[in-house]
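The values are calculated or read from the model by the stated rules, or taken from the named source; none is laboratory data. Computed from a prediction, not measured in an experiment: that's the story for all the values here. All Cβ positions, glycine included, derive from the backbone under ideal geometry; neighbour counts span all protein chains shown.
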Amino acid sequence: MELLEKFTKKNKQLKHMGESLAAFCRALKKKDNFLLASHVNPEGDAVGSVLAIESLLRRLGKKTLIACEDPFPDRLFCLPHKRWNQAKDVPPGRKFDALVVADCPTLERIGHVRDLLRPETQIFNIDHHISNVKFGHHNYIHPTASACGEIVFDLFKWFKLNINQEEATALYVSISTDTGSFKYSNTTVKSHQVASHLIETGIDIEEINDALYSTYSLEKIQLYSLLLGKVQRSQDGTIAWVAVTRNDLKQTGGTYEDTEGFIDFLKYIKEVQFSFFMSEMNGNVRVSFRSKGNYDVAKVAAQFGGGGHKKAAGCTIAGTLEDATKKILDQIKIAIVKQNQKR
Ligand SMILES: [Mn+2]
């Protein structure tokens with residue numbers, strides 16, 4: 001109990017950015033017709049948060065529509081997809097008085113959903129990225145939350161709504177995926193507390209965890225096998241990286257989506273402190289970073305206009321894989337030197 005009190009105290013001292021939860025929720029209450037969105041290439045936290053907020057608003061009697069740039073990710077089949085729309089499928093002329101954006105540090109990252117906005121649309125920005133630029137008319141950002149879903153849970157509490165199983169599943173997926181199944185350093189007492197409330201609703205966590213972490217297609221296994229054979233390391237072994245090319249996908253029948261999570265294998269190598277995973281895409285290279293210990297990959301990603309968290313970040317670099325690799329390695333080496341000087 002003592003630990004819990006200590007944590008709660010510490011958590012209160014850590015300031016959220018933007019307005020208070022009460023002010024944010026009161027402003028939400030005043031709107032009627034909501035559009036909900038998250039970032040392009042949505043993962044578990046983005047999808048789970050959006051689904052749960054949509055359900056919350058619907059239970060408050062609001063009109064809602066989810067529209068994201070990308071289709072519902074197949075791998076999240078444990079979540080309902082029937083309310084998910086792509087921005088391109090929203091009928092033109094449909095009016096919204098509010099947009100809720102979850103788990104998204106900048107408005108650019110919602111992609112073409114921006115085309116659905118009108119000057120009068122009020123933007124509600126709910127997030128946990130420390131890099132969030134507070135682009136909303138209303139912002140509620142909690143950088144110490146392990147997942148955006150953890151913050152959405154607080155919204156349910158504020159509105160005094162009992163979370164149903166569908167909402168609990170969505171929020172569990174949010175928190176579980178953003179904490180690497182409660183393993184990453186962003187996992188807190190609160191992540192576990194919220195999870196315990198969600199489990200109390202009677203959701204089947206074995207089924208959810210199997211769906212999230214133990215259901216692979218043969219194509220994905222074959223793609224992983226190919227990529228494992230291509231892993232490269234720096235001379236001292238502290239940096240590891242690999243790239244997936246269009247040809248790799250063709251050869252194995254895997255998809256870009258299948259590669260999510262592959263970067264963890266690089267991190268599992270004992271000596272590795274920095275790892276990055278590159279995807280070759282339409283003349284661009286999409287990069288995910290991971291770090292261990294005190295190294296900060298958000299700063300490395302920021303050098304390329306990206307962002308994220310200290311130990312998990314991403315960016316997009318224009319150009320070839322070879323160029324991107326060289327540029328990234330240079331920046332990581334600078335980050336290592338800087339970090340070692342601090343010691
Ligand atoms: Mn997140």
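For the reader, a short list of remarks on this structure follows.
- Picking from residues in the stretch 36-49 that are surrounded by 24 or more Cβ atoms within 10 Å (Cβ to Cβ) and among the polar types (S, T, N, Q), the one that is nearest to the ligand (Cβ to nearest atom) is S49.
- Any hit, the stretch 126-149, residues being part of a helix (DSSP H, G or I), under 14 Å from the mean Cα position of the chain (by Cα), within 11 Å of the ligand (Cβ to nearest atom) and at pLDDT 95 or above: yes
- Only listed residue being more than 16 Å from the ligand (Cβ to nearest atom), surrounded by fewer than 18 Cβ atoms within 10 Å (Cβ to Cβ) and modelled with pLDDT under 95, chosen from Y213, Y184: Y213
- Hey, I328 surrounded by 19 or more Cβ atoms within 10 Å (Cβ to Cβ) and either in the same structural domain as F289 (by TED's automatic domain parsing) or part of a helix (DSSP H, G or I) (or both) or not: yes
- Within the stretch 87-104, the residues that satisfy the criterion of being part of a loop (DSSP other than H, G, I, E, B), in contact (Cβ under 8 Å) with a residue 60 or more places away in the chain and farther than 13 Å from K62 by Cβ are K95, D103, C104.
- Residues in the stretch 306-325 that are basic (K, R) and buried (at least 19 other Cβ atoms within 10 Å of the Cβ): 1 in all.
- Restricting attention to the stretch 200-254, the residues being in a loop (DSSP other than H, G, I, E, B) and farther than 25 Å from C78 by Cβ number 9.
- Selection of first residues in the stretch 161-176 that are under 20 Å from K82 (Cβ atoms) and assigned by TED's automatic domain parsing to the domain that holds D204 and of second residues that are of a type in the set (D, E) and within 16 Å of the ligand (Cβ to nearest atom), restricted to Cβ pairs under 6 Å at least 6 apart or on distinct chains, gives the following pairs, ordered by first then second residue: S174/D45.
- Residue match in the stretch 152-160 (condition: surrounded by 24 or more Cβ atoms within 10 Å (Cβ to Cβ) and either in a loop (DSSP other than H, G, I, E, B) or of a type in the set (A, V, I, L, M) (or both)): yes
- A single entry from V242, V189, V287, V194 fulfils the requirement of being touching a helix residue (DSSP H, G or I) at 6+ places or on another chain (Cβ under 7 Å) and surrounded by fewer than 19 Cβ atoms within 10 Å (Cβ to Cβ): V189.
- Test: A52 is away from the ligand (no atom under 16 Å from the Cβ), in contact with a Gly (Cβ under 9 Å, 6 or more places away or on another chain), at pLDDT 95 or above and of a type in the set (A, V, I, L, M, F, W, C): no
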